[in-house]
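Notes follow once the structure below has been shown.
No lab work stands behind these numbers, since they all come straight from the coordinates. All of these numbers come straight from a predicted model, not from anything done at the bench. Positions of Cβ are generated from backbone atoms using ideal geometry, with glycine treated the same way; all protein chains shown enter the neighbour counts.
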Amino acid sequence: MNILLVGAGLSGAVIGRQLAEAGHQVTIFEARDHIAGNCHTERDADTGVMVHRYGPHIFHTDDAEVWGYVGKFARFLPYRNRVKTTVAGQVYSLPINLHTINQFFGTAMRPEEARRFIEDEKADTSITDPQSFEDQALRFVGRDLYEAFFRGYTRKQWGMEPSQLPASILKRLPLRFNYDDNYFAHRFQGMPEEGYSAMVAAMLAHEGITLHLNTPFKRGMAAGFDHLFYAGPLDGFFDNQLGRLGYRTLDFEEFRHDGDYQGCAVMNYGDEDVPHTRITEHKHFSPWEEHEGSVLYRETARAAGPDDIPYYPIRLLEEKALLSDYVELAQGCAGVTFVGRLGTYRYLDMDVTIREALDAAAHFLEHGTCPAFLTPPV
């Protein structure tokens with residue numbers, strides 16, 4: 001068949017590769033001038049540092065098949081994401097662990113002592129069914145830790161009160177009563193040695209794949225193709241006819257430093273009087289390399305406008321209602337499958353994006369077609 005894919009990020013690259021290997025002819029339209037979407041990486045010309053142009057992406061998964069799949073296209077080297085945060089002039093480890101607790105409260109508690117201390121003296125045990133981000137934090141870490149590490153950062157990141165956000169956002173972050181400062185707990189964690197763009201380029205390097213960069217998609221361009229896999233914005237596919245889905249976007253302020261600026265890859269800033277949410281120092285994402293110069297970015301979050309790159313779907317009540325209307329429209333479109341973070345209006349880690357792309361390709365190869373959504377986004 002003659003297959004069209006919109007978007008040369010992870011979804012498009014994985015689906016395209018799987019279908020091309022099965023003998024289909026694949027065409028990919030990409031609006032930007034590069035591949036790999038928001039995980040695009042490139043070498044800085046002056047320092048040689050591998051830069052994550054749209055913010056850092058750390059690969060972590062418990063899915064052995066996905067880990068094996070990306071390993072076919074890139075050499076992954078070990079990397080542990082050890083995030084630090086600056087609050088009230090002190091530097092702490094995130095996620096909250098035993099070191100964070102002892103440092104913050106000026107104690108030297110052992111694991112069970114700290115567990116009892118948080119549960120008996122700090123946590124709000126009157127909250128039995130946390131519904132909001134704030135409820136979740138107060139129930140499990142208490143007001144002191146919540147106000148220091150979560151409230152200000154969350155207000156900056158989401159532009160709203162934590163009491164307005166669902167508890168599910170905070171449930172992704174662990175609370176540890178040991179000294180483990182690895183941000184993730186997945187079995188497989190690492191970084192591609194030569195960056196994500198090189199990995200995606202290897203996926204797209206197949207004679208059955210034709211790539212067109214700088215090619216924004218309009219629905220009429222799908223004429224003549226047997227099936228379309230669409231990884232662009234769901235509302236954009238319909239020319240925003242029902243309204244725009246809400247996203248947060250990021251502004252990046254680049255600066256340079258001669259030497260080591262902050263001693264770690266990611267430094268969060270929880271204080272509300274600091275406008276940026278974090279500073280990322282990109283040479284630390286490749287600890288197997290050595291660079292004298294350094295490339296850094298201050299990240300500031302705000303509401304996404306029509307011309308901004310969407311990063312985080314908001315998915316509150318108003319957006320979910322609009323999403324349901326767009327899903328209904330999408331399900332009435334024959335020969336189109338919506339995939340990826342933008343196509344399904346969901347926050348997806350890279351491994352989940354790849355898993356869903358593999359599943360979509362497998363479904364198509366088995367049935368010769370694919371529904372609008374393999375995983376309903378509502």
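Tell me, what is the FRET efficiency for R80 and K171 to the nearest 0.05, using R0 = 22 angstrom and their Cβ-Cβ distance as r?
For R0 = 22 Å, the calculated efficiency reads 0.50.
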Query raised in the report: Most fluctuating residue of Y261, Y247, Y196 in a GNM of the chain with Cα springs under 10 Å: which is it?
Result: Y261
Report task. Mind giving me the nanometre distance, one decimal, between the label points for T249 and A31, set 7 Å out from Cα along Cα→Cβ? Result -> 1.0 nm
Query raised in the report: Rounded to the nearest 500 deg cm²/dmol, what is the calculated helix-only ellipticity per residue at 222 nm for the chain, with -39500 (n - 2.57) per DSSP H run of length n ≥ 4?
Result: -8000 deg cm²/dmol
Query - T210 paired with D226, simple spin-label distance in nm, labels 7 Å along Cα-to-beta-carbon - result: 1.6 nm
Query raised in the report: Binning every alpha carbon pair distance of the chain at 20 Å from zero, what are the percents per bin?
Result: 26, 56, 18, 0
Query raised in the report: Which shape class, rounded, prolate or oblate, goes with the range 146-290 when its Cα gyration tensor gives a ≥ b ≥ c as root eigenvalues, a/c under 1.5 marks rounded, and past that a/b bigger than b/c marks prolate?
Result: oblate
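Could you compute the FRET efficiency for M109 and E366, with r as their C-beta to C-beta distance and R0 at 56 Å, rounded to 0.05?
0.55
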Query - Residue exposure sequence - W67, W288 - by fewest surrounding Cβ within 10 Å - result: W288, W67
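Work out, step by step, the length gained on full extension between R53 and W288: first 0.36 nm times the residue separation, then minus their alpha carbon distance; give nm to one decimal.
82.6 nm
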**Report entry** D (Stokes-Einstein, µm²/s), Kirkwood Cα radius, the range 93-208, 0.692 mPa s at 37 °C
**Finding:** 200 µm²/s
